[in-house]
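Enquirer: Quick one: structure below, then a few questions.
FYI, it's all coordinate maths here, none of it is from the lab. For clarity, every value in this text was computed on a predicted model and none was experimentally measured. Neighbour counts run over all protein chains shown; Cβ positions are idealised from the backbone, glycine included.
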Amino acid sequence: MLLRLEGIRKHFGGVIALKNGNLSVDAGEVHLLLGENGAGKSTLMKIVAGMYQPDGGEIVWKGGKAGFRRPAEAARMGIAMVHQESLLAPHLSVAENIFLGREQRMPLGWVNRGRMLEAARRLIEEHRFPLHADWRVEKLSPAGKQLVEICRAIQHGSSLLIFDEPTSSLSETETQAVFRIVRMLRDRKMGVIYITHRLEELRSVGDRVTILRDGETVHSGPLEAITTQRIIQHMVGREIGAIYQRQPLEPGEELLRVEGLTRKPALEDISLSVRAGEIVGLAGLVGAGRTELCRALFGLDTVDAGTVKIAGRIVRVRSPREAVAEGVALIPEDRQKTGLATALPVGYNLTITDIGKVSRFGFFLDHAAEKRLAAEFASRLRIRCESPRQLAGRLSGGNQQKVVIAKWLVRGARVFLFDEPTRGIDVGAKTEVYEVMDELARSGAAILMVSSELAELLQVADRILVMRRGRVTGELPGRTTQEEVMRLATLHEGGATIAGEQE
């Protein structure tokens with residue numbers, strides 16, 4: 001056994017993050033760590049990696065009691081963590097990042113870059129990674145950056161590698177490559193702890209599973225001995241449908257019509273329509289132009305040609321301000337960077353789209369009105385927060401996403417552009433987001449939804465438009481198959497490399 005955690009406890013001020021964390025990992029095993037946002041997964045792993053120190057409990061590493069006061073100490077003992085957000089030095093090469101902090105030097109102390117470059121090349125070739133040792137890290141795809149961190153762990157002699165949501169921002173081709181790498185590490189008798197929210201990945205990569213809920217371990221055992229439905233019940237603490245299935249509505253008036261929209265080279269002759277009460281999905285591989293379409297409709301990018309109609313009226317949307325004035329809302333892919341002011345209170349985030357409702361004479365903020373409005377919409381969307389004064393960045397991922405949606409409800413938007421609405425949130429929160437979207441549709445909104453999870457589109461969308469290389473290649477009913485979607489998305493096109501340099 002490599003690692004055993006028993007009764008791990010951790011609190012931050014008055015907030016209990018862990019109250020009974022238990023987990024064990026063997027060499028040559030991929031151990032899945034599951035739980036909703038806020039369940040304590042990342043806190044537990046940061047304790048293992050030396051980023052936090054526990055308030056109680058026992059850590060046993062390779063048969064002896066241990067405690068890591070710093071990440072460097074955990075790394076020396078053979079524990080490495082591949083974070084969801086890359087912690088590499090982007091301006092340095094792949095080889096320099098692999099040896100960062102452990103540079104190979106000449107007798108007089110100068111860094112021996114040639115020796116490091118050659119060692120990195122041998123390592124990359126040995127593991128058949130699609131990397132080049134002299135590539136600059138800032139030019140790599142997200143998957144490529146993860147490979148560099150894996151190379152660092154292998155080069156440093158790590159015995160245990162922790163993956164934190166490794167495929168959350170990867171294409172299907174890149175995801176399959178990550179699975180291959182994880183299985184290769186297992187075959188080399190390394191221990192792997194794999195954190196994920198994507199339940200469809202579990203059977204492809206895991207051996208055993210541990211589930212946390214509210215800071216304590218509620219299940220641990222072989223993956224083959226538990227059903228996906230039972231996993232979900234352990235995670236959320238209640239029975240919940242493993243597959244959310246939306247009941248379609250009779251669509252109303254056409255709220256959005258796009259004709260011949262072109263923005264070279266990303267978009268070419270895009271035409272579509274969305275009616276009140278409809279959720280229309282946008283499917284396609286990475287680079288198909290789905291996000292670019294949302295950006296163009298929201299006025300973030302100018303277009304070369306085409307027309308946009310809102311509720312039957314031709315509009316020219318040249319900026320987000322103009323889009324908002326026409327009743328268009330964007331829920332962006334990266335909610336923390338472009339959807340929220342994470343360092344400001346929930347109440348501010350909820351009312352920022354329509355300050356006129358909570359100000360006097362357009363100059364003075366009415367704090368009482370802001371509090372009332374924030375409380376109303378927090379209740380309406382079931383946003384779990386201590387108060388409207390809590391910082392938005394301290395909410396769970398699912399609650400942050402509901403704040404982003406709620407701010408557009410405050411504004412009274414009718415056309416919603418959802419770009420990857422459930423990325424990085426757990427299964428319980430996903431269902432809540434689906435329910436909010438359904439409520440929007442039932443209230444008469446039109447929704448255009450981008451998602452890289454085909455199962456999600458099949459569950460939620462009334463119709464699915466498939467894009468490839470900036471064009472719409474076909475339309476399918478919501479109750480279609482993943483094979484039909486992929487046929488239109490690829491048209492037998494070959495897959496991309498996992499780590500190739502980006503333009």
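Enquirer: What is the spin-label model distance, in nm, from R246 to R384 if the labels are put 7 Å beyond Cα along the C-beta direction?
Expert: Label-label distance for R246 and R384, simple model: 2.4 nm.
Enquirer: So what is the relative contact order for the range 340-412, in percent, with contacts set as C-alpha pairs under 8 Å and at least six apart?
Expert: Once divided by the residue count of the range 340-412, the mean separation gives 46 percent.
Enquirer: Taking a cut-off of 23 Å between Cα atoms, list the lysines near K402, but don't count ones fewer than 8 places away on the same chain.
Expert: Within reach: K41, K337, K357, K371, K430.
Enquirer: OK, next. For a protection proxy built on the mean count of beta-carbon atoms within 10 angstrom, sort 473-480, 66-73 highest first, please.
Expert: 473-480, 66-73
Enquirer: Would you work out the relative contact order for the range 279-347, in percent, from Cα pairs under 8 angstrom that are 6 or more residues apart?
Expert: 22
Enquirer: Using mean Cβ contacts within 10 Å as the protection proxy, how do 251-257, 311-317 order, highest first?
Expert: My ranking of the peptides, most packed first, is 251-257, 311-317.
Enquirer: Which ordering of R188, R230 is given by a fewest-first count of other beta-carbon atoms within 10 Å?
Expert: Lowest count first: R188, R230.
Enquirer: Counting each DSSP H run of 4 or more residues in the chain as -39500 (n - 2.57), what helix-only mean residue ellipticity at 222 nm follows after dividing by all residues, to the nearest 500 deg cm²/dmol?
Expert: Only helices count here, giving -9000 deg cm²/dmol.
Enquirer: Quick one: grab the alpha carbon gyration tensor of the range 20-86, order the square roots of its eigenvalues as a ≥ b ≥ c, and give me rounded if a/c is under 1.5, else prolate or oblate depending on whether a/b is larger than b/c.
Expert: rounded
Enquirer: Give me K145, K402 sorted ascending by neighbouring Cβ count inside 10 Å, so fewest comes first.
Expert: Listing K145, K402 from fewest to most nearby Cβ atoms yields K145, K402.
Enquirer: For the range 46-199, what does the alpha-carbon gyration tensor say about shape, rounded, prolate or oblate, given a ≥ b ≥ c as the root eigenvalues, a/c under 1.5 as rounded, and a/b over b/c as prolate?
Expert: Oblate, because a/c is 1.5 or more while a/b does not exceed b/c.
Enquirer: Percent of alpha carbon pairs in the chain separated by more than 38 Å?
Expert: 32
Enquirer: Efficiency by 1/(1 + (r/R0)^6): what FRET value for E58 and K309, r their Cβ-Cβ distance, R0 = 56 Å, to the nearest 0.05?
Expert: 0.30
Enquirer: Let me ask something else about it. R0 = 51 Å: FRET efficiency of R203 with I16, Cβ-based, nearest 0.05?
Expert: That gives a FRET efficiency of 0.95.
Enquirer: Express the relative contact order of the chain as a whole percentage, based on alpha carbon pairs under 8 Å and six or more residues apart in sequence.
Expert: 17
Enquirer: For A455 paired with Q176, estimate the spin-label separation in nm (one decimal), with each label point 7 Å from Cα along the Cα-to-Cβ line.
Expert: Each label point is offset 7 Å from its Cα along the Cβ direction, giving 1.7 nm.
Enquirer: Does anything in the range 245-286 have its amide N under 14 Å from the 7 Å Cα→Cβ label point of R469, and if so which residues?
Expert: 265-269, 285
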